[in-house]
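Okay, structure first, notes after.
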Amino acid sequence: MSDAREKWDAIYRGKPGVMPGNASRVLVENHHLLPASGDALELACGLAGNAVLLAQHGLRTQSWDISAVAAERVAEYARAHGLPLTAEARDLMRNPPVPATCDVIVVAHFLERDLFPYILAALRPGGLLFYQTFTRARISDAGPSNPEFRLASGELLALCAKLEVLVYREEGLIGDLEKGLRDEAMIVARRPG
Ligand SMILES: C[S@@+](CC[C@H](N)C(=O)[O-])C[C@H]1O[C@@H](n2cnc3c(N)ncnc32)[C@H](O)[C@@H]1O
């Protein structure tokens, strides 16, 4: 078993009862952009707050995470609530998504830059990417302390340069720091076609 799987399994074993996780702001605030039907995928989903919301919306949804403990918890929840949601324990770096298979992809709080070409290719023409994660500009201790795992200024926009941008927010340390989206950037972007 990989070190990453052991680490995340231990984290999720320590969080019994918390199900589903919270849906991300990028999806909650832009939910109205979702198609009425199609195939959705949440990557590095943890306790799958986003995948549950996608499945409740009526999309055929898959949720992938390296943690088998998280995936089992999500699968149990989906069965109990009759949701069109399949959970899989999967290392994305070894088994990235397959090209042109998704109408919607959601990723939150996970940043592996090498995965971006696979994520973009996995969108069907017209498919939407909802992505939100931590930035180096920050006002709190939330998220990873290693700056490598946080976005540089403008980086999320650059990583999605081949997509049409529908929504982008990155506020850095400008203005009233008690308000707005802080510590994170978000994008909703569409594959042309
Ligand atoms: C910070 S958590 C975020 C969970 C969820 N997306 C959220 O926003 O609450 C990062 C997640 O990435 C998963 N993860 C880490 N490395 C992974 C990999 N190589 N393949 C798939 N999932 C991975 C972890 O198991 C963990 O659930």
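The values are calculated or read from the model by the stated rules, or taken from the named source; none is laboratory data. Because the structure is predicted, anything quoted here is derived from the model rather than measured. Backbone-built Cβ (ideal geometry, glycine too); neighbour counts: all protein chains shown. Accessible surface is based on the protein model in full, side chains and every heavy atom, while ligands, DNA and RNA are left aside. Shrake-Rupley method; radii C 1.70, N 1.55, O 1.52, S 1.80 Å.
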Can you pull the Rg over Rh of the chain, Cα-only, Kirkwood?
0.95
Label-point separation in nm, R182 to E148, each point 7 Å along Cα→Cβ
2.8
Protein chains only, probe 1.4 Å: how do E88, E178, E6 rank by accessible area, largest first?
E178, E6, E88
Enter the Cα centre distance for the pair segment 84-102 and segment 7-74, rounded to the nearest angstrom.
13
With a 1.4 Å probe and every protein chain left in place, tell me how much accessible area S145 has, in Å² to the nearest 10.
100
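How do 15-22, 107-114 rank on mean C-beta neighbours within 10 Å, highest first? The partial results should precede the final answer.
Numbers: 15-22: 14.4, 107-114: 17.1.
Final packing ranking: 107-114, 15-22.
Provide the per residue accessible area, probe 1.4 Å, for the chain, rounded to a whole number of square angstrom. Provide the component values of the computation, followed by the final result.
Values: 9440 Å² over 193 residues.
On a per-residue basis, 49 Å².
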Before rounding to the nearest 500, sum -39500 (n - 2.57) across all DSSP H runs of length at least 4 in the chain and divide by the residue total; then give [θ] at 222 nm in deg cm²/dmol.
-7000 deg cm²/dmol
Measure of exposure for R190: accessible area at 1.4 Å probe, Å² rounded to 10, is 70
Expected vector for segment 117-125, Karplus 3J(HN,Hα) from phi with 6.51, -1.76, 1.60 and θ = phi - 60°, integer Hz, x for Gly and Pro, equals x, 6, 5, 5, 5, 6, 6, 6, x
How far is the Cα center of segment 109-126 from the Cα center of segment 168-193, in Å?
19
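Tally up the carbon and sulfur contribution to the accessible surface of segment 3-190 as a whole percent, 1.4 Å probe, everything protein left in place.
Working: 4750 of 9020 Å².
Solvent-exposed carbon and sulfur of segment 3-190 make up 53 percent of the total.
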